[in-house]
Structures are given as structure tokens and as C-alpha cells.
1. Only residues in the range A:9-26 that are assigned by TED's automatic domain parsing to the domain that holds residue A:67 count as the first member; pair them with residues that are acidic (Asp, Glu) and not in a helix (DSSP H, G or I), Cβ under 8 angstrom, at least 6 apart or cross-chain, and list the lot.
2. Inspect the range B:268-279 for any residue being crowded, with 16+ Cβ neighbours inside 10 Å, out of contact with any Phe, Trp or Tyr (no Cβ under 8 Å at 6 or more places or on another chain), in contact (Cβ under 8 Å) with a residue 40 or more places away in the chain and of a type in the set (S, T, N, Q) and give the result as yes or no.
3. For the range B:203-245, give me the residue count where each residue is within 14 Å of the chain's Cα centre (by Cα) and of a type in the set (Asp, Glu).
4. State yes or no: is residue C:47 assigned to a loop (DSSP other than H, G, I, E, B) and more than 10 Å from chain B (Cβ to nearest Cβ)?
5. Restricting the range A:82-107 to residues that are more than 14 Å from every other protein chain (Cβ to nearest Cβ) and among the hydroxyl-bearing types (Ser, Thr, Tyr), which is farthest from residue A:71 (Cα to Cα)?
6. Give me the pairs: first residue in the range A:226-250 and among the basic types (Lys, Arg), second residue exposed (fewer than 13 other Cβ atoms within 10 Å of the Cβ) and in a loop (DSSP other than H, G, I, E, B), beta-carbon distance under 9 Å, and six or more apart or on different chains, which are they?
7. If you scan the range A:186-204, which residues turn out to be in contact (Cβ under 8 Å) with a residue 12 or more places away in the chain, closer than 14 Å to residue A:152 by Cβ and not charged (D, E, K, R)?
8. Taking residue A:327 as the residue in question, decide whether it is farther than 25 Å from residue A:309 by Cβ, among the small types (Gly, Ala, Ser) and surrounded by 12 or more Cβ atoms within 10 Å (Cβ to Cβ).
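The values are calculated or read from the model by the stated rules, or taken from the named source; none is laboratory data. Quantities reported herein were computed from a predicted structural model and do not represent experimental measurements. For neighbour counting, all protein chains shown are included, and Cβ atoms are generated from backbone atoms with ideal geometry for every residue, glycine included.
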Amino acid sequence: MSNNKCFVSGDEAVALGARLARPNVISAYPITPQTIVVERLSEFVEDGSLEAEFMHVESEHSAMSAAMGVSSVGARAFTATSSQGLLHMSEGLHYASGARFPIVMMNANRALAVPWSIYGDQSDSMSQLNSGWIQVYVEDAQEALDMTIQAYKIAEDGNVLTPFMVNLDGFILTHTYELLNLPNQEEVDEFLPKYETENKMDLENPKSLCFSSTPLDNLEFKYQQHMAMINSKEVIEKVDKDYGDKFGRYYGGLIEEYKCDDASVLLVTVGSVTGTARVVVDNMRSEGIKVGLVKLRYMRPFPEEKIIELSKNVDKIGVIDKNISHGYEGTVFTHINSALSKMNNSPKAINFIGGMGGRDISKEDIKEIFKSLLTTNEDKEKTVQFIGMGCEIDE
Amino acid sequence: MSNEKINAKNITEDEYFYGHKACAGCGGSVAVRLALKVLGKRTFSVLPAGCMSAVGFIYPQMAFSTNAMIAPFPATGAMISGVAAGAKALGIKDFHAVGIAGDGGTADIGFQALSGAIDRGDNIIYICYDNEAYMNTGIQKSGLTPYGTKTTTSPAGENLPGSIRQKKNMFEIVAAHDIDYAATCSIGYPNDFLNKLKKAKKIKGTSYIHVYASCPTGWGSPTNTSIDLAKKAVDCGLWYLAEYENGEFKLNKNPKKFISVKDYLLNQGRFKHLKEEDINVIIKNRDKKWEKIRKNWL
Amino acid sequence: MEKPKLVEYKRPKHINDYPTGPTTEGGKLVEKNAGWRTYKPVVNKEKCVNCLRCYLVCPDGVIFKSEGKVDIDYDFCKGCGICEYECKLDAIKMIKEDK
């Protein structure tokens with residue numbers, strides 16, 4: 001493997017990854033903090049380093065609709081969005097997955113209005129879990145680049161044919177500069193050949209796409225879609241291995257276990273907060289405290305079996321959610337609990353809501369979380385706790 | 001293709017929209033059928049949620065034999081642009097990309113995506129078949145429903161004559177984008193429609209064809225008068241045949257004398273309630289419009 | 001003349017009999033529309049001068065050119081009567097279907 005080093009932001013890493021994946025058309029609408037992705041891609045098209053059409057669409061709804069048009073003729077489509085933009089294209093998200101168009105999209109995780117906030121949390125993508133898209137959450141710029149390439153390989157697999165969303169925490173990842181390895185084009189071309197599909201319009205053999213179904217057939221198409229998402233689990237693991245073999249970076253597939261082996265408590269994290277949690281785990285481990293970290297990389301497909309396996313020998317599980325379903329709990333927590341409910345003797349799980357609207361989650365916050373997980377006072381313990389509140393609240 | 005005018009004798013005998021489930025006498029399906037006959041087999045067509053998609057692709061009954069795809073309701077302009085961009089990027093040659101939407105799908109919910117497509121100058125043809133209301137959902141008022149129309153959301157009663165607004169002026173709105181080619185047509189003048197489509201085929205850039213297409217179900221008219229009503233709409237001056245090309249408007253048909261508006265209106269259930277004073281409002285608006293047209297487009 | 005064709009349709013027995021996603025071959029019809037009709041158009045070939053007005057304006061495209069005259073595909077005619085109404089020579093008459 002021959003890698004070049006470069007020093008770029010998370011957004012730029014996505015743009016570089018997208019360029020290496022050779023999309024035929026990019027249709028995108030600007031929104032903070034995604035903008036740099038589409039700025040760079042438009043520059044790549046202008047300077048000829050990316051041979052693609054760049055479509056200036058007038059909204060995110062049109063960005064997704066244009067991407068579907070692109071995919072409908074068997075071409076490779078890329079787009080990127082964030083927050084309000086993701087919600088604006090929500091109709092298209094469901095449509096693209098139903099149509100089995102393997103579009104790849106970067107989403108810069110950002111809070112949802114109101115109050116208005118351009119800063120990060122994961123309310124946007126977590127609200128779209130039912131849209132039928134594969135969702136990966138990355139921890140750093142290198143993973144963002146690598147996953148943009150892997151995304152096409154997974155999405156375009158004949159047993160998957162499902163669109164793919166690469167999520168980066170807004171600003172924390174999108175605007176932070178990091179040193180990364182840039183794979184060379186020839187090797188990426190070997191890894192990711194041209195997209196070939198039967199699911200397209202064809203001038204020699206005309207097709208009808210995105211048709212209507214009656215109640216006699218609708219469930220069957222939706223079942224197929226469900227099975228495609230389940231099939232993607234195996235493909236994700238294989239692509240992670242193949243990518244690692246070729247480029248030297250493995251991410252663990254659906255989840256990454258970090259020092260989980262003999263841990264008595266586990267913390268589940270999604271996205272950039274994992275990096276902070278690693279440091280805390282390292283520190284606590286050096287003090288002999290048996291804590292472990294589960295980096296939940298994919299929310300769809302959801303790695304239920306892995307969560308169950310990891311939870312067998314632990315006392316307690318903490319789940320950090322940078323989103324909340326108001327009046328209930330965080331979305332990641334709901335998923336973890338659903339997995340735990342399928343075990344015989346499941347550990348207790350506690351939900352920690354934080355990091356919303358750009359609020360920092362510090363090492364101290366995470367250390368406190370671990371401490372509370374290690375303390376047994378089950379009667380008093382609230383299942384859903386807010387971390388990093390800036391003022392007092394009535395308990 | 002030669003410069004010869006297209007007509008019933010020389011148009012292809014192939015049918016690309018056939019066996020569909022549109023209501024008997026549907027004007028929209030005349031427009032779609034004829035448009036695809038002009039555009040031919042090497043056509044990618046995109047139709048949003050609406051009558052023509054609802055009647056053309058109910059699995060397993062597939063009535064389109066050109067490539068065809070249903071778009072989200074607001075997305076016709078964007079999706080067909082994506083098709084054209086994808087096909088171009090793949091090096092596919094000699095094809096047409098056409099979006100076909102109704103009045104609501106064009107002038108209301110699909111307006112933004114259409115504007116974006118024209119703004120980009122994408123090499124697409126956009127056809128609006130205008131039956132003056134949301135017919136697929138059961139005859140609700142759209143932005144192209146004319147004054148005095150009774151729909152299920154603009155009921156006519158003691159206080160209101162039905163719809164109280166005039167049609168949004170889509171043709172001139174589209175032209176204001178400085179579009180490469182735009183034209184108004186009517187299925188009542190099928191040869192004019194065919195030849196404007198033929199012209200649109202040759203345009204490198206965006207074309208917009210607005211075709212007046214009757215709807216017996218929504219208009220409360222006999223199924224056999226669909227073509228005749230669409231012709232009378234032109235002949236009484238409530239619709240017009242015009243083009244916008246190279247930055248100029250051109251009126252194609254300038255009736256010396258209009259036929260009776262009242263006769264056109266009162267043969268349709270949607271206008272049966274109109275009083276003399278309402279009809280006079282419609283005539284006054286028509287005359288005002290034609291004064292401008294004759295002043296500027298001749 | 002090419003046009004969408006009536007084909008024999010067998011309902012899928014297994015999930016794999018369905019297409020992958022809502023994508024299928026265009027122009028394949030599994031049922032006729034003839035049952036919609038109350039009246040059917042009948043062409044008087046003596047009167048027909050093959051002006052093709054009816055052919056042009058038929059919403060269902062069921063009128064086709066045949067040996068210098070027009071003929072009708074009754075499998076898909078819905079009986080709207082536009083052809084009769086538009087024929088200037090009274091060469092098409094709508095007559096009640098025997099049911």
C-alpha cells in the first residue's frame with residue numbers, strides 16, 4: 001500500500017474520499033458545517049482532478065432527488081448535507097432506499113432548530129433511522145475518508161443495494177484538521193470497480209422504476225428492503241477486512257471493542273466522543289479499574305448480536321446519546337435496551353444525554369459517567385441522566 | 001430529423017403509453033401519449049406522484065414502454081435533471097430526458113425544482129399537463145385553477161364563486177428565467193403540440209411545454225368532449241398558443257373573434273354555478289390579458 | 001408497430017420471484033381495460049377516409065392504422081367516445097355493448 005500524508009479537515013477528508021470513489025455526479029446544496037465538502041468537490045471538478053458533473057441544486061430535497069435520477073441510469077451519485085437539510089430531504093431518503101439506489105451521502109451531524117444552532121449533535125440523523133439508509137458514525141478524519149470509499153463498496157453490493165450515510169460530528173470532526181493517509185487512486189480503483197447494476201433505466205430494454213404497488217405486493221418489497229439491510233451486516237464486516245488488508249486500516253466492522261475483555265462496566269459511544277472516552281478508559285485502566293468502551297459504528301444495520309455478546313459478563317452499561325426523544329430517552333439507548341431485552345440476564349443500562357447543540361463532553365464528564373456506573377445504588381439511580389448541564393435542575 | 005411537420009400520417013405508429021388506467025376521455029393521457037410518440041423510444045421519462053404516474057405503473061401493469069420512473073411529488077425537475085446528468089456522465093448518447101407533471105406538480109409543489117432545472121440550463125424537456133386542479137387526489141384547487149372554478153376545496157356557494165384567484169402565469173414565469181424554449185399548447189390543437197415538442201427535442205438546453213389538457217372527471221364534462229373543450233378554451237381566449245424563444249414571445253394563434261366564453265364554461269360542471277357577473281369578471285380578465293398579449297407578442 | 005403487450009402473469013410464489021426493488025420491464029400489461037366500456041366505437045370503413053383525427057386524439061392509443069383505414073384494439077378501448085365526437089364524417093358510431 002502506498003499512502004500519501006496530508007493535513008486536512010474532516011470535511012476535506014470526505015471530499016478526498018469522494019473523489020477517490022469517482023462519483024459520476026455530485027448534486028449538493030450548501031449548509032453549515034457541510035459546506036467545505038461541496039466546495040472542495042466543485043474545485044476538483046473545476047480543476048479536472050475529478051471527472052464528474054457538479055449539479056447546483058436549489059434545495060436538499062432536489063439534491064437527493066437529483067441523486068436518485070443519477071442512480072436511476074446506473075451512475076454513481078454523491079451528495080452531502082446536515083441538520084435542517086437532512087430533514088428537508090427526508091422524503092427522498094425513504095424514496096432512495098425503497099428504490100434501492102446505492103447513493104452515498106455525508107451528513108454533518110448538527111443540532112435541529114429551534115433554538116437555532118449550527119453546532120453539533122446527532123438529533124438529525126438519529127431522527128432518520130427508519131428511512132432505510134445504512135448509517136455509519138466516524139471518529140476522526142481518517143475514518144471519514146476511509147468510510148466514504150467503503151460506503152460505495154457496501155451500498156452497491158448486489159445483496160445490499162441500499163443507500164449509505166456517513167455521519168461526522170459537526171465542527172468537532174468536520175472542521176478539525178488532522179494528519180491522514182491518502183490512498184492512491186489505482187488502489188482505490190482496484191478496491192472499488194465501476195458501479196454495475198440491473199436496477200436502472202436502459203434504452204435498449206426500457207424499464208419502469210419506482211412504481212406503485214397494491215396491498216397485494218407492498219409488504220414483499222418492504223421485506224426485501226429489510227433483508228437487504230440485514231444482509232449488509234456481513235458485507236460491512238467483509239469490506240472492513242478487505243479494506244484493512246489493502247490499505248492497512250481496520251475499524252472492526254459494525255462496532256469496535258476497546259478494552260472490553262474483562263471489563264465490569266461498558267460505555268457505548270457514537271462518533272467523535274469515542275476519542276475522548278478512549279483517553280479516559282486508558283487512564284482508568286492504568287489505575288486498574290476495569291472499564292471498557294464500545295464504539296458503536298453503525299446505527300443501521302444495528303449490531304444487536306454484538307451488543308448482546310459483549311454484555312454477557314458486565315455489570316452495567318452506560319450509553320451516551322447526543323440526541324433525545326423528548327420525554328423518553330436517547331435513541332441509541334432505546335436500541336441498546338432493545339438488544340439487552342433479548343438476553344436472559346441483562347445488565348442494567350443507564351442513559352447519559354449530553355453534547356447537544358455543541359455542548360462539550362469532557363474527559364471529566366466521562367470519568368463521572370464511569371464512576372457512577374461503577375457505584376451500586378440501583379434504587380436511587382435514574383435511568384436517564386443529563387450530563388454537563390450549565391445550571392441547576394430540580395431532581 | 002427533417003424539417004417536415006409532424007402529423008398523424010407521419011408520426012410513429014409505436015405506442016409508448018398504452019393499457020394505462022386513466023379515466024375514459026382523459027386529456028392528460030392524450031398529452032403524455034402524443035409527447036412520447038414525438039420523443040420516441042430513446043427517452044427517459046420522469047413523472048411525479050399524480051394522475052399519470054398513478055395510472056401508468058401499478059405493479060404488475062406497466063403501461064410505459066419508454067423508460068419511466070415516478071418522482072417524489074416536488075421533485076420532477078430535479079430528478080429528470082439527475083437522469084440527464086447521469087446519462088451524460090456515463091457517455092450515453094442520443095437520448096431525451098423528459099419530465100411530465102400536472103399543474104399542481106408544476107406550478108405549486110414542483111415549482112422550485114423546475115426553477116432550479118431551468119436555472120441550470122439542463123438539457124431536459126419539461127411538460128406540464130394542465131387540467132387546472134389536483135385531480136388525482138379528488139379535484140382540489142391548485143395554483144392553476146382559474147377564477148370561478150368549483151373544486152372540492154374551493155366550493156361555490158352563496159359567498160364565493162369557487163376559486164377566487166386567476167391562474168398563476170406559468171408560461172411567463174418560466175420565460176422570465178430566460179429559458180431556452182417555452183411554449184403553450186392545447187390537446188385541442190394536437191398538431192401544434194406535436195410540432196412544438198419536435199422543436200423542443202432539438203433545443204440544447206431546457207424546454208418547457210405547457211399543454212392544456214381537459215379532465216372529464218374533474219371538469220364535470222362528458223368523456224367524449226375532452227378534445228373539443230381544450231380547443232374551445234383556446235378559441236374563446238381563456239387559453240392561448242404561444243412560444244418564447246431567443247428571448248422573444250411569439251403568439252401563434254390570434255383569433256379574429258373569440259367564440260362564446262359562456263358556452264365554454266357552462267358546458268362543464270365545474271362552472272355551472274357561475275352567475276352572469278362572474279362570467280363578466282372572467283371575460284374582463286381575458287380581455288385585459290389579450291390586450292397585453294397583442295401589444296407585446298405580435 | 002411496437003406497443004405495450006399483454007403478457008401472462010403468474011403471481012410470485014417466493015420472495016425471490018419479485019424484482020429487486022420496484023424496478024421491472026416496461027410495457028408489460030397483465031390485464032385488459034375492455035371491461036370499463038358501456039359503449040364501443042365501430043368504424044364504418046365505407047365512410048372512413050383515413051384522416052387519422054381519431055387516431056391522433058385517442059387518449060388510450062387504441063385506434064391504429066390498418067390497410068388505409070383505422071381499426072380499434074377493443075382490449076384496451078374504454079369507450080370514451082372521443083373518436084366518434086371528433087369524426088367529421090360520422091364514420092365512427094358508439095354502440096351499446098352486449099353484456
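1. The qualifying pairs are A:9/A:178; A:10/A:140; A:10/A:178; A:13/A:178; A:22/A:51; A:24/A:53; A:25/A:53; A:26/A:53.
2. So far as the range B:268-279 goes, no, none of its residues is crowded, with 16+ Cβ neighbours inside 10 Å, out of contact with any Phe, Trp or Tyr (no Cβ under 8 Å at 6 or more places or on another chain), in contact (Cβ under 8 Å) with a residue 40 or more places away in the chain and of a type in the set (S, T, N, Q).
3. Qualifying residue count, the range B:203-245: 1.
4. Values: assigned to a loop (DSSP other than H, G, I, E, B): yes; more than 10 Å from chain B (Cβ to nearest Cβ): yes.
Spelling it out, residue C:47 is indeed assigned to a loop (DSSP other than H, G, I, E, B) and more than 10 Å from chain B (Cβ to nearest Cβ).
5. A:83
6. Short answer, once both residue conditions are applied: A:246/A:1.
7. Those that are in contact (Cβ under 8 Å) with a residue 12 or more places away in the chain, closer than 14 Å to residue A:152 by Cβ and not charged (D, E, K, R): A:188, A:191, A:192, A:195, A:197.
8. no
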